[in-house]
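Peer 1: Structure provided below as structure tokens; questions to follow.
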């Protein structure tokens with residue numbers, strides 16, 4: 001029997017001077033609400049509420065934590081609070097804006113700008129269903145990730161890592177801005193200290209070092225995820241997850257299928273970002289930006305008939321990949337970290 005998730009706050013609940021309108025979304029580590037401030041301005045509020053550690057009944061404000069889980073709950077709470085404080089110091093169009101953060105009801109709340117638009121995942125799924133050779137155009141991919149990398153570089157300059165970059169955490173606003181949402185610092189702290197059954201990472205987008213407790217993570221860890229996101233923009237599906245690649249790496253084969261559809265230059269960038277060895281990846285966002293923005297004539301290698309036939313056979317033999325979660329046509333919808 002699965003554990004009952006803690007109940008979200010009820011509409012019209014007032015926290016920190018903000019009135020909750022409704023729940024936007026729930027995840028394993030928190031709940032995001034649409035709320036309004038005293039001036040009537042809409043904001044998004046994320047509440048630290050890890051479902052593996054707490055319970056909360058309908059109508060209650062304070063999460064209930066079992067004594068044996070209290071130290072771990074407080075550790076995650078501290079990390080969540082510090083993440084809010086760090087994000088509040090970052091002012092960049094491609095990084096979700098944290099307006100306020102506060103402690104109340106024995107937990108922490110992070111107040112952010114309320115965004116309207118759709119996630120990159122929504123756009124990928126919609127484009128994929130059109131069954132065109134190019135899921136997203138190369139110019140779109142390059143432009144989108146130029147924006148994201150500008151924001152990620154600032155994040156890294158503040159000694160922070162995102163740790164959960166994936167299409168579902170890249171939000172495309174109605175005014176055409178790409179914004180990184182849902183940072184994973186608290187999630188990562190709990191994964192290192194706790195012993196949870198549920199994975200603390202997103203398969204396909206998590207670098208190999210995220211699967212090991214004794215590994216060192218850095219900018220190269222987020223860069224792996226950026227490469228995986230570009231791969232998803234090209235294929236319409238995420239790459240195989242890191243443990244499968246370590247067992248039998250088919251990344252090169254998958255990218256070969258894209259020859260002639262996308263430039264060799266872009267394919268090589270993705271392969272570089274997704275190297276299994278962290279030292280073989282770009283070691284900084286700047287290094288990746290420099291390569292992605294390189295000017296000059298782009299190379300396209302056409303596949304021969306024989307190569308296409310071999311790839312078709314390999315496709316039939318390859319392990320079936322897990323698709324991105326099904327999503328509808330992009331519509332106006334809220335998002336927050």
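Throughout, read-outs are computed from the coordinates displayed, never taken from laboratory work. Computed from a predicted structure; not experimentally measured. Cβ coordinates were reconstructed from backbone atoms using ideal geometry, including for glycine residues, and neighbour counts include every protein chain displayed.
Peer 1: Can you pull the Rg over Rh of the range 1-142, Cα-only, Kirkwood? Walk me through the intermediate numbers first.
Peer 2: Working: Rg = 17.9 Å, Rh = 17.1 Å.
Rg/Rh: 1.05.
Peer 1: Cut-off 14 Å, label point 7 angstrom out along Cα-to-Cβ of residue 93: give me the residues of the range 110-146 whose amide nitrogen falls inside.
Peer 2: Under cut-off, by backbone N: 143-146.
Peer 1: For the pair residue 23 and residue 250, how long in nm is the line joining their label points, each one 7 Å along Cα→Cβ?
Peer 2: 3.7
Peer 1: Moving on. FRET efficiency for residue 301 and residue 85, Cβ-Cβ distance as r, R0 = 56 Å, nearest 0.05? Intermediate values should be presented prior to the final figure.
Peer 2: Details: r = 48 Å, r/R0 = 0.86.
With a Förster radius of 56 Å, E is 0.70.
Peer 1: So how much slack lies between residue 264 and residue 173, counting 0.36 nm per residue of separation and subtracting their Cα-Cα distance, in nm? Don't skip to the answer; put the middle values down first.
Peer 2: Details: separation 91, 0.36 × 91 = 32.76 nm, distance 3.01 nm.
Using 0.36 nm per residue and subtracting the Cα-Cα distance, I get 29.8 nm.
Peer 1: By the gyration tensor of its Cα atoms, with a ≥ b ≥ c the square roots of the eigenvalues, what is the shape of the range 60-196: rounded for a/c under 1.5, prolate for a/b over b/c, or oblate? Intermediate values should be presented prior to the final figure.
Peer 2: Working: a/c = 2.22, a/b = 1.86, b/c = 1.19.
Prolate.
Peer 1: Here is a further query. Mind giving me the nanometre distance, one decimal, between the label points for residue 39 and residue 100, set 7 Å out from Cα along Cα→Cβ?
Peer 2: Here the answer is 1.1 nm between the modelled labels.
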